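Only the coordinates and a few stated rules stand behind these numbers; no lab work does. All values reported here derive from a predicted model rather than from experimental measurement. Neighbour counts are summed over all protein chains in view; Cβ atoms, including those assigned to glycine, are modelled from backbone coordinates with ideal geometry.
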Amino acid sequence: MLKLRVLLLFGLIAPAVLHAQQPAMTRALDLERRGDYAAAAEAYRAVLSRKPADVSALLGLERTLLPLNRSSEMLRFIQAALSSAPTSSAVYGVALRAWAAAGQPDSVRRIAERWARVAPKDETPYREWGAAELGRQDRVGARTAYLQGRARLKRPDALAAELAQLALADGDYAGALREWLIAINQLPGYRAAAVSTLGQAPESIRPELLEQVADQPGISARRLEAELRARWGDPLGALRVLTPVLPADRVQAISALRALLEQVRPLPTPEGKLALGRILEALAERYPNAQASRLRLEAAQAYSDAGDKAAARRMLGQLTTDRTAPSSVSSGAAATLVGVLINEGNLEDADKSLSQLRPTISSDEYEDLRRRLAAAWVKAGNLARAESTIAADSSVEGLALSGRIRLYRGDIRGSVERFKAAGPYTGDRQEDTHRTALLALLQPIEVDSSPALGHALLLLEQGDTAAAAVALEQLAQEFPVQRGRAELSLLVGQLYAATEKPGEAERLFRAATVGAAPATAPAAELALAELLVSTGRPGEAITVLEHLILTYPQSALVPQARRKLDEARGAIPKT
């Protein structure tokens, strides 16, 4: 029994003893993690009473007093720490923040100058002094600190990055550029920050900044100029600036090219794609074979996207003769070549290359290329070849493309069946919208076939809008109002509006706004109202929109009509 009582007593006492023996810093940190800031502050004070210059305890006390709104209590501990360790840079850093938080700028300056005497060749005292002033939202005080540091250190490049950031905060982009150039010459790693911050300069002053940086000598200035040009939408100009100054050293040249690559890669324009291809080609020349082959493949695709078929072929030609290229790169090169051939209109060669490529690529990639080839045959007007190319494709994308081919051949019923089988979604939003519009056009037409309609729509697919509009307008008269004429009139009106023929567009829109075609009339009235607003006739547009809203209240277009009505009345700005 006695033994049991001793054990129980030990069990009650032991945790308290262990807690008392727990290291004071560990306990303070634990209390801070749990959010008990008052207790944590007491624990940090206990440490500082024994070790006044313990930096970890000073930082902990600083952290815990801040949420308690008691930062002013730091000052006596700082004074004790400075007395105990008068040469500790870490203590001086905490001291600057403490006096800044207490709103005593004279003390901040005095501590910074005292620190500078301890470390006469170090930028840190002035950097921390400036940071403390910025913490008080005093940019003038921060500039004074940085400039005083530059003067006392007798180094014109001292604190350049800090002065650049300060100039940016004041909207002085020219001053920021001057300081960034100094900072980059001192430490090239600053270039990324310079590009990121200067890249936000207003468009109106960008030419001036480019002139300013172009006047500066050296590769650092050229690299900065190149990356800014790329960021501001001149990728080919960027490449012209960088190429002549690329270092002979392979590693340095790769670094410069890769930095420019990151600025160019997001650009969707043909110029951006062309520059991307050239940068990738330049990188490939500097990399070992295995990596170079992948870069050449990517360059070929970029050149193809830019419309530079000769350059794309050149890259692909190098890959086909490169026996060291991985098999995945070789097949990728062959697939890219098929795409280049399709874009060039060399469809027979593309067909042969695709047949040879089939065993080496995935089925999804093969089907995608086959559909691209079929679409190209459509554009070329060879509908039979297009249909045979995708005859075995039962995917929704294949069904949708087959529906278009049948439509262009005049098979109205077959086209509608395939559009319905494909469903409303294929994964391509533009294709979905186009197919939905075609269905809306075709469904009211009660004929199984119409070669003339198919031919007219094929002209539109091939980009001959003027000829398509004339053919469709003539064809519309052959159908009853409620069985195709209204839908065709609306389509032709849209084509005339898109080609800036407002008079013809208005005539066709009004022809489509008939009660006999209630499914089409709301769309025609909305299109007419938009045309009237755009041609400066808001009063007439208001009448049309009010009629639409009152006559077709269940139409899905009513919300758009209400917004357009508000715009016509001047209640909201034009969109």
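Rounded, prolate or oblate for segment 41-138? Axes are the square roots of the Cα gyration tensor eigenvalues, ordered a ≥ b ≥ c, and the cut-off for rounded is a/c under 1.5. Oblate. Listing 170, 106, 54, 393 from fewest to most neighbouring C-beta atoms within 10 Å gives 106, 170, 393, 54. Take each peptide in 448-460, 351-363, count the other Cβ atoms within 10 Å of every residue, and average; sorted highest first, the result is 448-460, 351-363.
Sorted into 10 angstrom bins from 0, the C-alpha pair distances of segment 521-575 split as 30, 59, 11 percent. Between the helical axis of 429-442 and the dominant principal axis of the chain, each derived from Cα atoms, what acute angle in degrees is found, rounded to the nearest 10? Around 30 degrees separate the two axes. Helical content of the chain, expressed as a calculated mean residue ellipticity at 222 nm, amounts to -23000 deg cm²/dmol (DSSP H runs of 4 or more residues, -39,500 (n - 2.57) each, divided by residue number, nearest 500).
Peptide packing: for 84-93, 396-405, the average count of neighbouring Cβ atoms within 10 Å per residue gives the ranking 396-405, 84-93, highest mean first. The long axis of helix 105-118 is offset from the longest Cα principal axis of the chain by roughly 70 degrees.
Taking a ≥ b ≥ c as the square roots of the Cα gyration tensor eigenvalues, segment 25-81 comes out oblate, since a/c reaches at least 1.5 and a/b does not exceed b/c.
Quick one: angle between helix 89-101 and the longest Cα principal axis of the chain, in degrees between 0 and 90, rounded to 10, please. Helix 89-101 sits roughly 70 degrees off the main axis of the chain. This ranking places 232, 377, 129 by how few other beta-carbon atoms lie within 10 Å of each, fewest first, which gives 232, 377, 129. Report note on the peptides 474-486, 407-419, 110-122: ranked by the mean count of other C-beta atoms within 10 Å, highest first, their order is 407-419, 474-486, 110-122. Segment 216-285 and segment 45-94 have Cα centres lying 49 Å from one another.
Using the Cα gyration tensor of the chain, with a ≥ b ≥ c the square roots of its eigenvalues, what is the shape: rounded (a/c below 1.5), prolate (a/b larger than b/c) or oblate (neither)? It is prolate, given that a/c is not under 1.5 and a/b is the larger ratio.
Look at the alpha carbon pairs under 8 Å that are at least 6 residues apart: their mean separation over the length of the chain gives a relative contact order of 4 percent. When each of 308, 566, 364 is scored by the number of other beta-carbon atoms lying within 10 Å, the sequence from fewest to most is 364, 566, 308.
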